[in-house]
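FYI, it's all coordinate maths here, none of it is from the lab. From a predicted model like this one, the values you see are computed outputs, not experimental measurements. All Cβ positions, glycine included, derive from the backbone under ideal geometry; neighbour counts span all protein chains shown.
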Amino acid sequence: MKKYIAEFIGTFVLVLIACGVAVVTGANVVATSLAFGLVIVAMAYSVGNVSGCHINPAVSLAMFITKKISGKDFIGYIIAQTLGATVGAAVLGLFVGSFKNLGGNAAQAILVGSYGEIGSIFVALLVEIVLTFVFVFAILGVTSKIQNGTVTGIVIGLSLTLVHLIGIALTGTSVNPARSFGPALLQAFAGSTTALSQIWIFIVGPLVGAAIAAFIYNAISKEDK
């Protein structure tokens with residue numbers, strides 16, 4: 001249970017603070033990217049020793065595929081992460097006085113302008129798959145050796161910052177189904193017409209990207225016999 005509480009707290013803080021920065025700065029690329037990265041660093045060194053600080057269903061899926069967590073923990077982590085993200089979004093809404101914009105994700109204008117409404121959906125899906133692959137691949141690499149323990153949180157935080165720097169203008173950058181679902185759910189209740197209509201992109205994309213990263217990392221990290 002302690003692990004699940006840690007995952008709840010970590011995801012709660014991620015959404016409240018990082019999505020909060022996106023809201024109050026108008027999704028300033030540098031500020032928002034740093035916010036997501038710095039929250040991961042902070043949580044990695046505070047709850048990482050309890051749960052591993054996944055705070056992301058895509059990361060938990062990769063850890064399950066690579067047999068670093070059990071099926072029971074995988075399910076427990078996802079539930080805790082989703083609840084944490086939803087509560088974080090609720091508190092953020094109270095902070096800013098509105099639930100219409102909580103830092104949710106969507107195919108941004110740059111994609112719609114280049115590919116049209118339909119094409120932008122599939123490009124957004126590709127963006128999420130690729131960016132999650134990069135993020136999770138970095139996580140699997142840095143956590144593969146105990147000696148990396150002192151820098152693991154920093155590397156993961158910087159990796160998340162990196163993918164946000166390119167992804168914010170394209171999809172708002174999810175790479176985390178829980179982080180997307182919490183804000184989208186509450187934005188939908190506040191009347192957003194697109195909040196939940198595109199949520200599948202930010203669930204399917206990160207999970208597919210994470211699975212690909214896990215399978216490829218497993219393949220290349222096996223010792224030659």
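Report, in deg cm²/dmol and to the nearest 500, the calculated mean residue ellipticity at 222 nm for the chain, where each DSSP H run with n ≥ 4 adds -39500 (n - 2.57) and the sum is divided by the residue count. Counting only the DSSP helices, I get -23500 deg cm²/dmol. The calculated pair-distance distribution of the range 1-114 uses every alpha carbon pair, bins of 10 angstrom beginning at 0, and gives 15, 40, 31, 13, 1 percent. Between the residues Thr173, Val47, Val91, the greatest Cα displacement towards the positive end of the dipole of the chain, with unit charges on the Cβ of Lys, Arg, Asp and Glu, is found for Val47.
Each of Gln147 and Ile118 was given a label point 7 Å from its Cα along the Cα-to-Cβ line. The distance between the two points is 5.4 nm. Placing unit charges on the Cβ atoms only, positive for Lys and Arg and negative for Asp and Glu, gives the chain a dipole magnitude near 440 debye about its Cα centre.
Taking 24 Å as the cut-off for C-alpha to C-alpha distance, list the pairs among Lys2/Lys67; Lys3/Lys100; Lys2/Lys222; Lys3/Lys222 that go past it.
Details: Lys2/Lys67 20 Å; Lys3/Lys100 32 Å; Lys2/Lys222 32 Å; Lys3/Lys222 29 Å.
Check vs 24 Å cut-off fails for Lys3/Lys100; Lys2/Lys222; Lys3/Lys222.
When each of the peptides 167-176, 122-131 is scored by the mean number of other C-beta atoms lying within 10 Å of its residues, the order from highest to lowest reads 167-176, 122-131.
Rounded to the nearest 0.05, what FRET efficiency is calculated for Leu158 and Leu126 with R0 set to 22 Å and r the Cβ-Cβ distance? It would help to have the intermediate numbers written out before the result.
On the way: r = 23 Å, r/R0 = 1.06.
Taking R0 as 22 Å, the efficiency between Leu158 and Leu126 is 0.40.
In the range 1-48, the convex hull through the Cα atoms has an average projected area of 2.8 nm², a quarter of its surface area. The alpha carbons of the range 157-225 stretch over 58, 21, 17 Å along the principal axes, in descending order. In this calculation the C-beta distance from Ser70 to Ala190 is compared with R0 = 35 Å, giving a FRET efficiency of 0.40. Could you tell me which helices of the chain pass both thresholds, a Cα extent of 20 Å or more along their own axis and a mean Kyte-Doolittle hydropathy of at least 0.0, with helices taken as whole DSSP H runs? Qualifying helices, which must be both long enough and hydrophobic enough, are 29-44, 71-96, 109-142, 152-171, 201-221. Ranked by how many other Cβ atoms sit within 10 Å of their own Cβ, fewest first, the residues Ile220, Ile166, Ile40 fall in the order Ile220, Ile166, Ile40.
With the simple model of a label 7 Å out from the Cα in the direction of the Cβ, Phe95 to Ile79 spans 2.8 nm.
The simple spin-label model puts a point 7 Å past each Cα toward its Cβ; for Val30 and Ala169 those points are separated by 1.5 nm.
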